[in-house]
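The values are calculated or read from the model by the stated rules, or taken from the named source; none is laboratory data. Predicted, not measured: the structure shown is a model, and the values here were computed from it. Here the Cβ positions follow ideal geometry from the backbone for every residue, glycine too, while neighbour counts run over all protein chains shown. Surface accessibility is based on the protein's heavy atoms, side chains included, excluding ligands, DNA and RNA. Shrake-Rupley method; radii C 1.70, N 1.55, O 1.52, S 1.80 Å.
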Amino acid sequence: MTLTYLIISLIAGSVGSVALAGLLLALNNQKLLIISNYLMYLAGGTLLGAALLGMIPKAILQADVKTVLQWVLIGILFFFILEKIILWRSCGNQECERKTHAAAPLILIGDAFHNAIDGIVIAASFLTSIEMGVFVTISVMLHEIPQELGDFGILISSGLKKKTAFWANIFSGSTALVFGIAAYYTLESIKWLIPYALAFSAASFLYIALADLIPEMHRKTKIKDTLIQIILIIIGVSIIYLMTINH
Ligand SMILES: [Zn+2]
């Protein structure tokens with residue numbers, strides 16, 4: 001039963017997010033940009049909430065606090081280095097930003113890696129409980145849709161046709177399914193690994209929220225944008241809080 005939920009969630013979190021992003025792409029650009037930004041703000045809250053209210057407390061119940069937090073730390077350093085390698089491969093030894101300079105193949109490889117990790121995160125959560133699986137999947141979808149939209153933009157501006165960009169994104173998203181199912185069977189047979197997998201997964205969420213989404217939010221400085229950001233982050237955290245309250 002858990003496996004069925006897991007597969008549905010993996011599809012929703014990866015290929016489903018790409019499909020929804022594709023759908024948003026069909027809307028007019030102004031609306032698209034607004035919706036994509038709002039989802040990103042919400043994701044900032046749900047990712048922080050999922051990590052700090054759901055995954056880390058759950059890991060601490062199952063394993064030694066110190067070891068769990070060490071895995072969170074290792075995870076954060078790992079994701080920093082991973083992102084650096086992706087940037088470095090695309091830019092070489094010069095100043096540049098992923099958003100503007102990374103070439104299409106690199107975006108897709110980076111995404112494939114990222115989606116594989118999202119798949120593992122979803123699997124580790126479902127092995128902990130169905131509820132955690134559900135709110136982790138929601139957190140993945142909320143940050144994946146704006147991410148995929150951004151990727152579409154880069155792929156199309158680097159010369160790919162819309163259709164090619166769509167299928168390339170679907171393909172790089174499918175790593176979530178492969179790695180998620182592999183992680184499910186691995187963690188199912190090596191149960192003591194689950195709390196550490198959760199801690200590592202929480203690090204991925206913290207990193208995305210604090211190092212990717214929040215710096216992006218700080219590009220907007222108007223009071224109206226700031227208020228919308230604060231409100232949506234709080235709504236995001238509250239959604240997770242309500243889902244974890246009876247946990
Ligand atoms: Zn993701």
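Values as computed for the structure displayed
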{"item": "The chain: relative contact order in percent, alpha carbon pairs under 8 Å with at least 6 residues between", "result": "43"}
{"item": "Förster radius 51 Å - calculated FRET efficiency between residue 245 and residue 156 (Cβ-Cβ, nearest 0.05)", "result": "0.75"}
{"item": "Shape category assigned to segment 8-95 from the gyration tensor of Cα positions, a/c cut at 1.5", "result": "oblate"}
{"item": "Backbone N under 18 Å from the residue 66 label point (7 Å along Cα→Cβ), restricted to segment 191-218", "result": "196"}
{"item": "Exposure of residue 172 as accessible area (Å², to 10), given a probe of 1.4 Å and all protein chains", "result": "10"}
{"item": "Average accessible area per residue (Å²) across segment 2-244 - probe 1.4 Å, nucleic acids and ligands excluded", "result": "50"}
{"item": "Nearest-10 value in Å² for the accessible area of residue 67, using the 1.4 Å probe", "result": "40"}
{"item": "At least 18 Å along the helix axis (C-alpha) and Kyte average at least 0.5, DSSP helices within the chain", "result": "29-49, 65-91, 104-128, 130-157, 175-189, 194-207, 223-244"}
{"item": "Per-pair calculated FRET efficiency, R0 = 22 Å: residue 170 and residue 3 via Cβ, rounded to 0.05", "result": "0.50"}
{"item": "Accessible-area order (highest first, 1.4 angstrom probe) of the listed residues 131, 216", "result": "131, 216"}
{"item": "Cα-based shape type of segment 121-247, given that a ≥ b ≥ c are square roots of the gyration tensor eigenvalues and the cut on a/c is 1.5", "result": "oblate"}
{"item": "Sites residue 23 and residue 88, calculated FRET efficiency, Cβ-Cβ separation with R0 30 Å, nearest 0.05", "result": "0.35"}
